[in-house]
Amino acid sequence: MLDWVDIVVRSFIFLITLFLLTKWFLGKKQLSQLSFFEYVTGITIGSIAAEVTMGLERNIMHGLISMSIWSLVPFAIGLVSLKSKKVRDFAEGKARIIIKDGKIMEDNLKKERYTIDELLEQLRNKNVFEVSDVEYAVLEPNGHLSVLLKKENQPLTAKDLQIKVAPIKEPQTVIMDGNILDEPLSNRGLNRGWLNEELDKAGVSLDNVFLAQVDSYGQLTMDLYDDKIQVPSPQEKPLLLASLKKCQADLEMFALQTESKDAQRAYNKNADRLTHIINKLKPMLHV
Amino acid sequence: MTVASNVKQCMVTLKAAEATLSSLAQKSTEDQAKKLFHECMLEVGKAISDLKKRIAQLEFEEPQFKGK
């Protein structure tokens, strides 16, 4: 066989093997999530493939055997470490606490051979410029620093302010590139008829829509090709809130106007009922 | 505008709100929100029936305001 034909054949064989091995044995892990061990074996497998592809005096079978061992052993260790915490700690390393109770653990820094500059750099990556803002920080096995800020430095949440907010579910994308996607639409219990109606209401044609999504309250939001057209924002919820408020005010007025005591009582009762409803609905209807 | 027609207008607005709440309850995927919308819809329904009674009373007392 000609040398170059041999190289072509070998290249294809090892290309495919490498592809399959990485696909089967690595799973969905990102490169940065690989443990050091997996990282090194990956490099080794690659170099074996390169070596055997170019070194024509080497046997293809030998290369394949070596590659499969180099990938099977880490795979097996991975399987075992799924079950056993001890193996996991040994193979993948343990997280180490770097800052605790707002104090830097110098000994742990030394054990990880981590300089103060590196620590500051990692903190800055997390938008933390002052060490005193940090309550707790852990150096993960993959080298990332996880930071828990002191409570007063954490961003405010609705829970902190004790505000009730409307719960949401994931939105569904129903139009892409002017094409209606039927599956997400039916996931929401909606159909093309409803969608066409909504498009008519907004006054846009289907082929002008680049992207449209339905939120968890059945409201349609969209982005058009023609960015000069202003898409009206959904009005249903704010309108509902406004009309409830209007009725509540009306009822109070009727109560003031009427002479009959019974009617006044009934009006007031219903005004209170509406106030109650408005208070309950406010977090839901606020946009 | 008479009192009776004002009350009628208010009732109609409430009916529209009831319908909107009902459709929101249908369309929402979040269970909690669904339930809340439904409860509010029923409450608005009670207010509507109270108003209806009042309208009947008004029409009885002042038949000249009776709607077509």
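The values are calculated or read from the model by the stated rules, or taken from the named source; none is laboratory data. Computed from a predicted model, the values in this text were never measured in an experiment. Here the Cβ is made from the backbone with ideal geometry for all residues, glycine too, and neighbour counts use every protein chain on show.
Check B:V44, B:V12, B:V7 and return the single one that is within 30 Å of A:P171 (Cβ to Cβ) and assigned to a helix (DSSP H, G or I).
That would be B:V44, the only listed residue that is within 30 Å of A:P171 (Cβ to Cβ) and assigned to a helix (DSSP H, G or I).
Return the pair list, or none, for Cβ contacts closer than 9 Å from residues in region A:158-176 that are in contact (Cβ under 8 Å) with a residue 40 or more places away in the chain to residues that are of a type in the set (A, V, I, L, M) and in a loop (DSSP other than H, G, I, E, B), at least 6 apart or on different chains.
As it stands, the answer is A:Q172/A:L181; A:Q172/A:L190; A:T173/A:L181; A:V174/A:L181; A:V174/A:L190; A:I175/A:L181, since those pairs meet every condition given.
If we keep just the residues of region A:180-237 that are basic (K, R) and assigned to a loop (DSSP other than H, G, I, E, B), which is nearest to A:H286 (Cα to Cα)?
A:R188
Just checking, how many residues over region A:193-204 are in contact with a helix residue (DSSP H, G or I) (Cβ under 7 Å, 6 or more places away or on another chain) and either more than 24 Å from B:E30 (Cβ to Cβ) or not assigned by TED's automatic domain parsing to the domain that holds A:D226 (or both)?
The qualifying residues number 1.
Tell me the residue from A:I104, A:I77 that is surrounded by 11 or more Cβ atoms within 10 Å (Cβ to Cβ), over 30 Å from A:L120 (Cα atoms) and in contact (Cβ under 8 Å) with a residue 12 or more places away in the chain, please.
Being surrounded by 11 or more Cβ atoms within 10 Å (Cβ to Cβ), over 30 Å from A:L120 (Cα atoms) and in contact (Cβ under 8 Å) with a residue 12 or more places away in the chain holds for just one of A:I104, A:I77, which is A:I77.
Would you check which residues across region B:3-62 are more than 9 Å from chain A (Cβ to nearest Cβ), within 23 Å of A:Q235 (Cβ to Cβ) and of a type in the set (D, E, K, R) and list them?
B:K15, B:E18, B:K34, listed by residue number.
Kindly establish whether A:V128 is assigned to a loop (DSSP other than H, G, I, E, B), surrounded by 15 or more Cβ atoms within 10 Å (Cβ to Cβ) and not small (G, A, S).
yes
Residues being more than 50 Å from the chain's Cα centre (by Cα) and more than 10 Å from every other protein chain (Cβ to nearest Cβ): count how many of those fall in region A:246-287.
Selection size over region A:246-287: 6.
Out of everything in region A:226-240 that is within 14 Å of chain B (Cβ to nearest Cβ), touching a residue at least 24 places away in the same chain (Cβ under 8 Å) and of a type outside the set (A, V, I, L, M, F, W, C), what residue ends up being farthest from B:A16 (Cα to Cα)?
Across region A:226-240, the extreme among qualifying residues is A:P234.
Could you list all residues from region A:131-189 that are in contact with a helix residue (DSSP H, G or I) (Cβ under 6 Å, 6 or more places away or on another chain), surrounded by fewer than 16 Cβ atoms within 10 Å (Cβ to Cβ) and at pLDDT below 90?
Residues satisfying the conditions are A:K164, A:V165, A:P167, A:G178.
When you go through (1) under 30 Å from A:D6 (Cα atoms); (2) among the polar types (S, T, N, Q); (3) buried (at least 16 other Cβ atoms within 10 Å of the Cβ) one by one for A:S68, which number turns out not to apply?
(3)
Please count how many residues of region A:109-125 are surrounded by fewer than 17 Cβ atoms within 10 Å (Cβ to Cβ) and either at positive phi or without any contact (Cβ under 8 Å) to a residue 24 or more places away in the chain (or both).
11
I'd like to check something: does region A:68-84 contain any residue that is outside any loop (DSSP other than H, G, I, E, B), of a type in the set (K, R) and closer than 30 Å to A:L139 by Cα?
yes
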